[in-house]
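Written out below as structure tokens is the structure these notes cover.
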Amino acid sequence: MEVRSVMITGANRGIGLEFVRQFVKLPNPPSFVFATYRNENTLQDLIDIQKKHDETHIVLIKMDVSKKSEIENAKKIVEETVGEKGLNLLINSAGIATFLGFPEITEEDMLFNFTINTIGPVMVLQVMFPLLKIAAAQKTSGMSVSRAAAINISSTKGSLNELIDGQPKDWLKVFGYRTSKAALNMAMRVVALTIKDQGILVVNMCPGWVKTDMGTDQATLEPSESISAMLKTFSNLNESHHGTLLDRNGNTIPF
């Protein structure tokens, strides 16, 4: 896998931050990594990576996925940097999870989850779509992460097939998260079928239960384990995976 440019949302923590760490350490690292963040007080880890890796130009961009104006501004920064080569890879990593079940769930909680986990990734992809098309046009056939792709971090928790009676009741308490990820899976399937002739690969991927602020310390995977597996899977993605939900190892998850 050789990717010239990568944009990672929510790159200041958790899975997004680990993506940045591992991309810059690849044998052929990207020339550009655009790392977005919401809070300037959470940038130290990204700044440390920036200082240690000169081969990749890490561009820090303040961007809240719920604010269209900030997404548009981010596009301008990316566009000015990548030029006529376009953007090869968008990773929609920014996300949230709240712990409210039924009947405690509130309208505000559901809207918060949907805004960040569903609407946010769609809007980011919509705005970055012209840059992905430019990158896709550099090659004439096939789909791959190296050509042009949007990878959306989803979850098995958004799969209707995976939710069966007998699962731990605690998993039912992330009501807003589960329903927003189910909506993300459908939204990106619709996008994938709509743009299937554009040469841009669209894939949703579950990283597993990862030890992050969102995943908590009870999770079973270290961020390094999850992301290293996902990067290996990235290298094998092609048009047969377009519009699917996969686990970190590339196995299809029915949804």
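We did not get these values from a lab; they are worked out from the coordinates using the rules stated. What you see is a predicted model; the values in this text were computed from it and never measured. Please note: Cβ atoms are built from the backbone with ideal geometry, for glycine as well, and neighbour counts cover all protein chains shown.
Distance between the modelled labels on Lys68 and Lys232, one decimal in nanometres: 4.2 nm (7 Å Cα→Cβ projection). Expressed per residue, the C-alpha convex hull volume of the range 142-255 stands at 99 Å³. At most 15 other Cβ atoms within 10 Å and a DSSP loop assignment: could you name the GluC sites (Glu not before Pro) in the range 1-93 that fit? Listed in order of number, the matching sites are Glu2, Glu55. In a fully extended conformation the segment linking Ser141 and Trp171 would gain 6.6 nm over its present Cα-Cα distance, using 0.36 nm per residue.
Return the calculated 222 nm mean residue ellipticity for the chain, to the nearest 500 deg cm²/dmol, obtained by summing -39500 (n - 2.57) across DSSP H runs with n ≥ 4 and dividing by the residue count.
-11500 deg cm²/dmol
For the range 59-117, the ratio of Cα radius of gyration to the globular rule of thumb 2.2 N^0.38 Å stands at 1.53. Max-minus-min Cα coordinates of the range 88-128 on each principal axis give 43, 14, 9 Å, with the largest extent listed first.
Label separation (Glu239 vs Thr106): 4.9 nm, computed from points 7 Å beyond Cα along the C-beta direction. Rounded to the nearest whole angstrom, the semi-axes of the ellipsoid equivalent to the chain, taken from the Cα gyration tensor as √(5λ), stand at 27, 20, 18, largest first. Taking the charge dipole of the range 57-163 about its Cα centre, with +1 at Lys and Arg Cβ atoms and -1 at Asp and Glu Cβ atoms, the residue from Met128, Ser159, Thr106 reaching farthest to the positive side is Met128. With contacts taken as Cα pairs under 8 Å at a separation of at least 6 residues, the chain carries a relative contact order of 20 percent. With a threshold of 30 Å on the Cα-Cα distance, the over-threshold entries among Lys52/Lys139; Lys75/Lys181; Lys52/Lys173; Lys157/Lys232; Lys51/Lys173; Lys68/Lys169 are Lys52/Lys139; Lys52/Lys173; Lys51/Lys173; Lys68/Lys169.
The length gained on full extension between Glu79 and Gln22, counted as 0.36 nm times the residue separation minus their Cα-Cα distance, comes to 18.2 nm. With both labels modelled 7 Å from their Cα along Cα-to-Cβ, the His57 to Leu43 distance reads 1.8 nm. Between Val190 and Asn249, the contour length at 0.36 nm per residue exceeds the alpha carbon distance by 18.9 nm. As a calculated quantity, the FRET efficiency between Asn161 and Glu222 at R0 = 25 Å, using C-beta atoms, amounts to about 0.40.
At 1.002 mPa s and 20 °C, plugging the Kirkwood radius over alpha-carbon pairs of the range 1-111 into Stokes-Einstein gives what diffusion coefficient in µm²/s?
For the chosen part, D equals 143 µm²/s.
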